[in-house]
Every structure is written in C-alpha cells, then in structure tokens.
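Taking it in order: structure first as structure tokens, then the write-up.
The values are calculated or read from the model by the stated rules, or taken from the named source; none is laboratory data. In this text, all values refer to a predicted model and were calculated from it rather than measured experimentally. In this analysis, Cβ positions are derived from the backbone assuming ideal geometry, glycine residues included, and neighbour counts consider all displayed protein chains. To get the accessible areas, we keep the full protein, side chains included, count just its heavy atoms, and leave off ligands, DNA and RNA. Shrake-Rupley method; radii C 1.70, N 1.55, O 1.52, S 1.80 Å.
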Amino acid sequence: MVFLWRTLSCYLFLREKISQVKNSKEKAEGQRRRVTLRIIEELKTEIKEVLMNGLESAKAAGLIQYTKVPEYIIEIPREKTHGDFAANVAMLMAKEAKMPPRKIGELLVAQMEILGSNIERVEIAGPGFINFFLKKDWLYRVPKIIFQMGDQYGSVPLGGGEKVQVEFVSANPTGLLHMGNARGAAIGDSLANLLQFAGYEVTREFYVNDAGNQIHLFGRSLDARYREALGETIEFPEDGYHGEDIALSAKRYLEQYGDALLKEEEEVRCKTLADFALKEKLSHIESTLKSFGVEYDVWFSERSLYENGKIKDTIDCLIKEGQAYEKEGAVWLKAPEGSEEKDEVLIRSNGLPTYFAADIAYHRDKFQRGFDRVINIWGADHHGHVARMKRAVSLFGTDPDRLIVILMQLVRLMRGEEIVRMSKRAGTYLTLEELLEEVGYDAARYFFVMRNPDSQMDFDLELAKSKTSENPVFYVQYAHARICSILRQAKSLGYSLPDPLSLDYSVLEDDSELALLAKLADLPEEVANSALTLEPHRLTVYLHDLAAAFHLFYTNCRVNTPEEELRNPRLALAKATALTIKNVLTLLGVSAPEEM
RNA sequence: GCGCCUGUAGCUCAGGUGGAUAGAGCAACGGACUUCUAAUCCGUGUGCCCGGGGUUCGAGUCCCUGCAGGCGCGCCA
C-alpha cells in the first residue's frame, strides 16, 4: 500500500511538473524559469525523510539516545562503491549517543523503512557512513526532464527574483582594454549569466570614469597634440597620456572640425577634445566587449553624479550626520570611532571631490535604485578600497553585506619564461583585441573563467599561441561537435528520433550510460552551488566531467546501431547531453560548435 | 610596520557548509581507429597538500604561529 501510494504520488508529481513545463512553453521566459526539476534535491529530501523516520523509531524503541539531530549532510560520494548518496549523521551523533558511529548506523538502518522508496539498499561503511544505493529508475527520468526544459535545463528558482547588480570591467575610458579587464569581463559576464539562470534579476553595469582628474589630464594631453598638429611648439603635460592613440584622436578632431577651437579658452578646448575622444574610446570599448560576448544594461556616467548634484548631496548629508567635517580647506570623512584608520579626504582643498567621494555617491545611488545586492568585480590592487566602501554604504543605512566585492588577483603576462612588463605609458601592454586575435574568442573566455579569481594567473602567450589544443575548452566543444555528428549520421542513415518523452530508457544499462545520466542530473545542483558561492569557475569543472562522461559513453556504446530499442534512447541521451553542454557553455559565453 | 590574496604531482590548476584510498589537464611512457570525428579512449605516480603547533571520532579544508611570493596602505583612480 505504501509502495503504491508513493509510486502514484511520485508519478502524479512528475506529471504535474511536466504539464507545467508544457503549458509554460507558450508563456513568458520568467515564468518558464520558475519551473524546475531538481532530481538530486528530491532524492536527498526523500533519503532524509527515510533516515529521520528510522532515527525516530530507534529513539522510540530506546535504542539511541539524543536530544537533537545534528546538522548532517547528504553527499554524493566520489567513489562509486560508496553508493549514490551518503550520510554522515551517525558519526556526528556518536558523542551524544555515547556509541561508536558504526553501531549507531546499524541500529538506525535496522529501523529504516525503505520499501516503496527509491532506495534499493543501505550499507554502513568506513568510519560510520550510511551509504545509499538507489534503484536506477530515477536516472531514466533525466533525459525526459532535459527535453522538457530545453534551453532552460539547469536553471533553478534560487534567487526568487532578487534584484542583483553586477558591475564589472569599468575600465578607464582613456585607454584600451587590457588583460585584467579581459579577466574581469569573462568572470563578470559569466557570473551575471549564472545568477540570471539561477533565478535572480540581474543588471550588468559599466561605471564610466568620465570625470575627475584623469579626464582633465586626458583633455590637456589632447589639447597639446591638437595644437602640435597645428604647428605650435608645445609643452606636453608632465603626467600626460603619451600614447599614440591620443595624438590620433586629436588629429581626427582636427579633420572633422578644423582649427576653430584654437580661439577658445584652454578649459573649453580641453573639455571639447576630451568629450570627443571619450566618445570614440567608449564606443571602441563597447564594441570590443561586444565581440567578447559582453553586453551591458547600463553605462553609468561618473560625470552625471557631478552634474545632477548627487555628489554634493551625498557629502552634505555626511556632514549633516556628523560623519564628515571641514579642516584645512578640505572635507574629510571621519574614520570609525576607535579604529586606527585615518580620516579620508572627500573634497580636496582645491574644491574638487575625490574619486572616493564620487564612489560613495555612486554606491548610494546603486542602492537607491533598489538593488537587493550589489556585486562589484575589482582588481586586487583596489582591495584597500573595499572596507572603506562597505563602511560608506553602511553610513547611509544599508547593510554592508549587501555590497559584495569580488577581487581578482592580477594577470601576469608571460612569453615563455619571460615576464612581459605591462606599461600603459610605454604602450607595451597587450589589449583585449590583440588577445582575441592571438588566442581566439572561445579559448580566451574559457581560460579566464576557469580559474578562481583569488588566484593570480600567468597568461603564457606562447603556450596559448603554439598549442591551443592544450586548452580544455576544445575537449568540451569536441564532445558537442561529436554529438552533432552522430545526429547528422543518424539522419543520413534514415534513423529518425521518436518523441524522447515516450521512450523507454531502462535499456541504458552500461556503466558509462548510467554515469552520464547521473552527471546530467547533477547540473541544477551545480548551478545552485555556483550561484550561491558566486563561483562561475565551478561550471568549467562540471563541463569537463560531463564531456569526459560523454567521451567514455561514446567509446563504449555505439549509438547508431540497427537495434531500434537501443538506438533511440541512446540518440536521445546524446541529444540531451548536447543540450546540456550547450546550456552551460552559453552561461560561460563560449560557443558550442556543431563541427570541429 | 599594518592589511588582503596565494602556497596541493615536473608544469598549470580543481578540491560547496571539515569526511572514506587528495583529483584533473599538460608533459613522459605503453596500448586502442575496416565501425557514429583518435581534438577521443584505456593503462602507468615514489604528492612530508610550504613548515610548526592546536581544535576532534576525522583537517588540504577551521584556529594560532612562522616562512615564501603577489598586491595594497595618497588632497591617485
């Protein structure tokens, strides 16, 4: 009876979910995303129920004493021989129950009712793990779910529509994009994709530093080149931008608008030229990033904070609250009470706000725009700014934990053994454009996102150029291309794939087939974990494992066999794998080629 | 001096909330294509997880400390 009920309810549950998915196909994206089937999660829940019921029975029978069940986990063991899932609860209870973990496990398992569940058998192993071996049926649900979900397979309703902003790259608009920006672009964009896939409402933002000191200097450098082009002998600003691009910008202005600017005041000349060149630079940055697969929702101008008075308002507010004060002609932000930190300048004695002041106003504005969480991706050289910024946010009543800064360690460029010293002034740095030309779009994206932002990375150009096959991205892409090839082959043999939802998958019994199914089922959990920890690089680990599982399946099992009962489920399995690979590659901004 | 990050195989790196025999790629060596793409698969590792303490049933993971490398500590951004 229990068995029947469980089977029936499970079936009804599945039917309901599937019909939800079916109906939702015509509905909006957002609604589609809410429908998700996390098999692994369901199974864990079921195991927990069985486990807890057993534990209560054991307690009721006076076999095990405890007051509270400790925080235990259900994990997927690395070793196949350790079962499909394992629980560590017996080991955690040992102390209070005053019994060896294995003994607890035995008593517990004896009280468990597994009849009618997905559990086939249970074992006690090692120091006291309770290992669960499941019936294979659950695996055969996997392909159907993947086909139901389509390009949404793997998405999870984790975020519940929480509004998250991801601000990344925000490169200095006076120059070109370098390797650090490239890393930030790959990580930021993948993270944004990932969060979106995990049910968050994501806004991608680029903060344009089009104000302040550097723009002033930028303008003066341009002005010098402009006048130089008109035959004047010039004195180049001491800390000016020496790059050739500056001179070229000035020349282009001259060609378009002539020499009329000479009659204007220096300040007007500088501002006009700076505006002209900034526009050029920004559109160049935008198109370069676009060619790297990155597009923004918002380009936020720092200058706008000056023009609409938000910086002034922010500082006034701080003064009013007694957090800032005037001294020696400057305005200072007080360090926290009792801390060893120094007070920070907000407005210089020359009357101009500092970058920090603008950034406070900027972050205040971010939260005023209603984001629940704000994620900034910064280079490690900005880490000194993090604590300050969090504190500044808290001064306006925002919980500083809502501001998350992901610091990336810097990228070191190598040519073989030799370190390439990057210098903007000398113009000896590699731009993102050049990188794309040398290494290629997919490899660059994958390479950057593969590594944990915390680790500093060497980018060896010679390696990247000479042996591109070393890059793991090809391993994954090849799996996808192979599947497409199988499907093409099937078509040319006249094999058509019937509705994958009506197939019987239980003929898939080879170890490599079962392993592949299990790996496919794992994606929603991987997405959830990666989104929770804000670590898109985990997805590359998953992709590699998935591709490996497929390559093994490919080697061991022939898909296009004449036996229809075997061929059809295998074709469907292959197709489901391709779909899954493509979904994850898309999150990483990498293409899924059909041929290689 | 203070702060942040890092230290895992020859090299490049993975190792959610502590779990069972620490993994992968590359490189090296030996096998597997008359069969859906060999950019693949299978096999071969003698790793003081930087050192030293500690926490506990159990530590690469947590705490303390030392060493080494990177990066910050501006009226720069």
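Annotations for the structure displayed:
- Descending Cα extents along the principal axes, chain A, whole Å: 94, 67, 52
- Apportionment of accessible area to carbon and sulfur, chain A, percent (1.4 Å): 50
- In percent, rounded to a whole number, the relative contact order of the range A:161-243 is 33, using alpha-carbon pairs under 8 Å and six or more apart.
- Solvent exposure of the range A:480-539 as accessible area per residue, Å², 1.4 Å probe: 42
- The range A:196-298: relative contact order in percent, alpha carbon pairs under 8 Å with at least 6 residues between: 38
- Taking amide H as placed 1.01 Å from N in the peptide plane, A:V420 has its amide H under 5 Å from the amide H of A:L413, A:M414, A:R415, each at least 5 places away in sequence or on another chain.
- Net charge contributed by nearby residues that have their C-beta within less than 10 Å of A:G212 (K/R +1, D/E -1): -1
- Residue ranges A:177-185, A:336-344 sort as A:177-185, A:336-344 when ordered by packing (mean number of other C-beta atoms within 10 Å per residue, highest first).
- Shape of the range A:262-387, Cα gyration tensor, a/c cut at 1.5: oblate
- Relative contact order for the range A:234-346, counting Cα pairs under 8 Å that sit 6 or more residues apart, in percent: 10
- The amide H of A:Y429, built 1.01 Å from its N in the peptide plane, has A:S423 as neighbours under 5 Å, considering only residues 5 or more places off or on other chains.
- Whole-Hz Karplus values for the range A:291-301 come out as 6, 9, x, 10, 10, 9, 8, 9, 9, 9, 8 Hz, taken residue by residue from phi with 6.51 cos²θ - 1.76 cosθ + 1.60 and θ = phi - 60°; glycine and proline positions read x.
- Proximity of backbone amide H atoms, modeled 1.01 Å from N, is registered between A:E120 and A:F133, A:L134, A:K135 at under 5 Å, excluding neighbours fewer than 5 places apart on the same chain.
- Helix A:511-521 and the longest principal axis of the C-alpha atoms of chain A enclose an angle of approximately 50°.
- In the full protein context, the range A:135-209 carries 21 Å² of accessible surface per residue, based on a 1.4 Å probe and ignoring ligands, DNA and RNA.
- A simple count of charges around A:I406, restricted to other residues whose Cβ falls under 15 Å of its Cβ and scoring Lys, Arg +1 and Asp, Glu -1, yields 0.
- Burial ranking of peptide ranges A:501-513, A:518-530, A:276-288 (average Cβ count within 10 Å, highest at the top): A:518-530, A:276-288, A:501-513
- Backbone phi angles across the range A:265-279, fed through the Karplus curve with coefficients 6.51, -1.76 and 1.60 (θ = phi - 60°), yield HN-Hα couplings of 5, 4, 4, 5, 4, 4, 5, 4, 5, 4, 4, 4, 5, 4, 4 Hz in residue order; Gly and Pro are listed as x.
- Solvent-accessible area per residue, Å², over the range A:292-341 with all protein chains present [probe radius 1.4 Å]: 61
- Of A:K136/A:K163; A:K271/A:K390; A:K48/A:K136; A:K390/A:K519, pairs whose Cα-Cα distance is over 28 Å: A:K136/A:K163; A:K271/A:K390; A:K390/A:K519
- Lys/Arg +1, Asp/Glu -1 at C-beta; chain A dipole; positive extreme among A:Q148, A:P353, A:L407: A:Q148
- Formal net charge of residues neighbouring A:V331 (Cβ-Cβ distance under 14 Å; K, R +1; D, E -1): -2
- Karplus-derived 3J(HN,Hα) values for the range A:369-378, using 6.51 cos²θ - 1.76 cosθ + 1.60 with θ = phi - 60°, are 6, x, 6, 6, 9, 10, 10, 10, 10, 10 Hz; glycine and proline are entered as x.
- By the helix-only formula, in which each DSSP H run with n ≥ 4 contributes -39500 (n - 2.57) and the sum is divided by residues, chain A has a 222 nm mean residue ellipticity of -17000 deg cm²/dmol.
- What you get for the range A:505-596, charging only the Cβ of Lys and Arg (+1) and of Asp and Glu (-1), is a dipole of about 260 debye around the Cα centre.
- Helix A:523-533 and the longest principal axis of the C-alpha atoms of chain A enclose an angle of approximately 40°.
- Estimated distance in nm for a label pair at A:Q456 and A:E96, the labels positioned 7 Å out from Cα along Cα-to-Cβ: 4.7
- Helix axis angle, A:564-587 relative to chain A longest principal axis, alpha carbon, degrees: 30
- FRET efficiency for the pair A:T586 and A:F356, taken as 1/(1 + (r/R0)^6) with r the Cβ-Cβ distance and R0 = 35 Å, rounds to 0.40.
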